[in-house]
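The values are calculated or read from the model by the stated rules, or taken from the named source; none is laboratory data. This one's a predicted model, so the numbers in the text were calculated from it and none came from an experiment. All Cβ positions, even for glycine, are placed from backbone atoms using ideal geometry, and neighbour counts span all protein chains on display. SASA here: full protein model, heavy atoms, side chains in, ligands and nucleic acids out. Shrake-Rupley method; radii C 1.70, N 1.55, O 1.52, S 1.80 Å.
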Amino acid sequence: MTPEWLTSMRSRLQADPPLWFSEHPVPASPRRSSAVLVLFGPGADGRPELVLTERAHHLRSHGAQVVFPGGHLEPGETPVQAALRESNEEIGLDQSSVEIVDVLPAVYLTPQSMAYVPVLGWWREPHPVDVVDPDEVRRIVIPAAEDLAAPENRFTATAPGGYRGPGFFADDLIVWGVTANLLASVLELAGMARPWDESVTHPLPHRLLAPYGWEAVTPDTDETQTRR
């Protein structure tokens with residue numbers, strides 16, 4: 001059964017929408033669109049989990065980033081269809097195991113001239129998943145939402161040029177950028193967000209900056225050693 005905190009996210013969105021959605025309105029005719037699956041599932045210990053993937057490091061577009069499964073809409077596809085198709089192609093997700101709960105507001109990613117559409121789902125029948133195409137996906141991580149929201153796993157990510165944005169530790173990975181903004185918004189809507197210290201900063205390592213032509217302030221290190 002789909003949890004009430006998940007089905008009630010629409011009413012929370014209407015009553016008090018996270019600023020991130022309203023700050024990035026989509027123009028009337030974006031050049032292209034993509035959809036991602038924000039998939040919650042019941043963890044073995046009873047705590048809700050979220051499905052994330054780490055992109056292959058050699059990719060020129062968003063290489064090494066931690067993202068929600070998803071991708072570009074094909075001609076004639078809806079965001080729901082695209083999110084489910086891409087999740088199947090990337091991690092072998094059985095589409096019939098997912099209940100689509102809602103389609104959240106799209107945001108506009110200016111650098112890509114793209115509408116980014118989050119599709120909210122509940123994994124009612126979890127099953128083993130694995131990397132289908134290692135040229136696209138390096139690994140799958142399924143952390144507990146409660147752990148992602150824990151203050152010790154929250155920080156402000158920084159990068160050359162003055163970039164500052166929300167960041168999360170997910171296992172031994174860093175979530176930042178668009179995915180971190182969406183994750184923060186979803187945790188807020190789910191009522192799972194907790195206060196955290198935004199003054200705590202963490203510089204992004206080289207492998208996350210290289211696809212953008214940025215140079216890291218410090219070389220890559222073992223991220224588990226740089227936590228507070």
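Enter the accessible area per residue of the range 133-197 (Å², integer; probe 1.4 Å; all protein chains in place).
Values: 2460 Å² over 65 residues.
Here the residues of the range 133-197 average 38 Å² of exposed surface.
Say each of S22 and H57 gets a label point 7 Å from the Cα, pointing the same way as Cα to Cβ; how far apart are those two points in nm?
4.2 nm
Compute the length gained on full extension between V200 and S8: take 0.36 nm times their separation in residues and subtract their Cα-Cα distance, giving the result in nm to one decimal. Mind dumping the intermediate values first?
Numbers: separation 192, 0.36 × 192 = 69.12 nm, distance 3.16 nm.
Using 0.36 nm per residue and subtracting the Cα-Cα distance, I get 66.0 nm.
If you take every residue apart from A115 with its C-beta less than 11 Å away from the C-beta of A115, what net charge results, scoring Lys and Arg +1 and Asp and Glu -1?
Spelling it out: positives minus negatives among the neighbours equals +2.
Give the accessible surface of the range 1-108 per residue, rounded to a whole number of Å², with probe radius 1.4 Å and ligands, DNA and RNA excluded. Please list the in-between numbers first.
Working: 5230 Å² over 108 residues.
That works out to 48 Å² per residue.
If you average the sequence gap of Cα pairs under 8 Å that are 6 or more apart and divide by the length of the chain, what percent do you get for the contact order? Before the final figure, lay out each step's value.
On the way: 443 pairs, mean separation 50.4, N = 228.
It comes to 22 percent, rounded to a whole number.
First compute the accessible area of the range 144-186 with a 1.4 Å probe, then give the percent of it belonging to carbon and sulfur atoms. Walk me through the intermediate numbers first.
Working: 560 of 1190 Å².
Carbon and sulfur: 47 percent of the exposed surface of the range 144-186.
How large is log10 of I(q)/I(0) for the range 40-181 at q = 0.10 Å⁻¹ when the intensity is taken from the Debye formula with one equal scatterer per alpha-carbon?
-0.34
Comparing A145, A184, A159, which has the greatest mean-square fluctuation in the GNM of the chain with Cα pairs linked when under 10 Å apart?
A159
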